[in-house]
1. Would you please classify the overall shape of the stretch 146-279 from the alpha carbon gyration tensor, given that a ≥ b ≥ c denote the square roots of the eigenvalues, rounded means a/c under 1.5, and beyond that prolate means a/b larger than b/c while oblate covers the rest?
2. Pull up all non-local amide H partners of residue 90: gap of 5 or more, or a different chain, and H-to-H distance under 5 Å with H placed in the peptide plane.
3. At a Förster distance of 25 Å, what's the computed FRET efficiency of residue 111 paired with residue 298, Cβ-Cβ distance as r, to 0.05?
4. What ranking do 309-315, 288-294, 144-150, 163-169 get when scored by the average of other Cβ atoms within 10 Å per residue, highest first?
5. For the residues 85, 133, what sequence is obtained by ranking on other C-beta atoms within 10 Å, fewest first?
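FYI, it's all coordinate maths here, none of it is from the lab. Since the model is a prediction, treat every value here as computed from it, not as a measurement. For neighbour counting, all protein chains shown are included, and Cβ atoms are generated from backbone atoms with ideal geometry for every residue, glycine included.
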Amino acid sequence: MKQLPRILAILFGVLFAVSLFYSLETILTLSGALARAGGGGEPREYHVALFLPATPSMFFDRVVAGATEAAGAQGVAISVHPIDVASPEFPLARHSGIDGVIIYPSYPEERLRPLLEQLDSVGIPVVLIEHGVADEWPWSFVGTNSFDLGRRMGELAAEALPDPVNLALVYSEKSPGVASERELVELGINTTMGRRLAGPVLRKQTGLNPLDAENLTYRILRDEPHVNVLVFTDPADTLAAVQVIIDLNLVGRVQVIGFGMTETIQNYLDQGILAATIVVNPRQIGADSVRVLAGLIREGYSPGYVDTGVQVVRGTR
């Protein structure tokens with residue numbers, strides 16, 4: 001029994017040392033990434049970090065492409081890091097010597113807000129992209145106006161069919177920005193359509209598996225035969241659903257409002273198979289977020305809200 005306190009003290013000391021080692025390693029890794037971010041050209045005036053979910057996504061790839069291009073034009077070095085509850089990089093970012101951060105806030109908000117406040121307290125400016133935070137502090141935001149996105153969906157659904165409209169809205173883990181703002185998206189739909197909706201919006205979601213949308217579309221059409229408008233929030237899901245509509249010979253009876261633009265989506269629009277598609281611009285989100293952050297770093301001021309817009313492309317009917 002006399003040895004127990006000593007054993008516990010040794011154990012806690014070892015745990016502290018291991019924790020300290022990994023914390024220092026993370027800070028050094030982040031600092032090293034920032035040092036390399038400028039590439040082999042002229043030294044950059046500022047170093048900024050872009051924190052995105054580690055989940056593979058075309059959306060995030062385009063955000064990175066836009067941010068990287070804008071960083072070069074702004075004379076800013078940029079590095080990309082994961083933001084995940086299992087990764088220590090974001091909580092330790094304030095110790096790494098960065099000049100500013102761009103964050104896709106995928107953290108639980110009750111854990112995110114204190115970390116944002118810590119960054120602010122040490123003078124590191126913050127720009128949030130595509131998903132805001134419910135907070136009294138007016139964090140700079142760059143992204144899509146989710147209410148306007150829903151409003152456009154509602155307008156297109158109302159155009160596609162006469163009353164009544166039975167609408168199914170399919171979110172996707174492949175487009176997490178839209179899914180995270182679903183309340184505002186659906187508010188926009190309901191505000192626009194009002195009594196034209198035959199009932200509440202049927203909310204569904206696909207995962208990262210490319211076959212999810214195909215299987216889900218079959219299930220909706222089988223189990224919810226009253227649904228006559230399908231609205232998607234991801235390009236791959238759009239293509240999979242349209243193919244199901246074609247296979248089941250439901251073109252014209254079930255209207256599809258897609259998301260994004262590809263050559264195949266354009267062909268479906270031209271053929272009148274797809275009612276319309278909604279296009280957001282993740283590359284613009286990345287570019288504008290860097291420009292806003294560079295303004296905050298250099299002048300201490302930048303636009304607090306930048307709406308990157310929503311484009312509607314209608315099909316041929």
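1. Since a/c stays below 1.5, the shape of the stretch 146-279 is classed as rounded.
2. Here 84 satisfy the definition.
3. Using R0 = 25 Å, I get an efficiency of 0.25.
4. Per-residue Cβ counts within 10 Å, averaged per peptide and sorted highest first, yield 288-294, 144-150, 163-169, 309-315.
5. By the 10 Å Cβ count, ascending, the order reads 85, 133.
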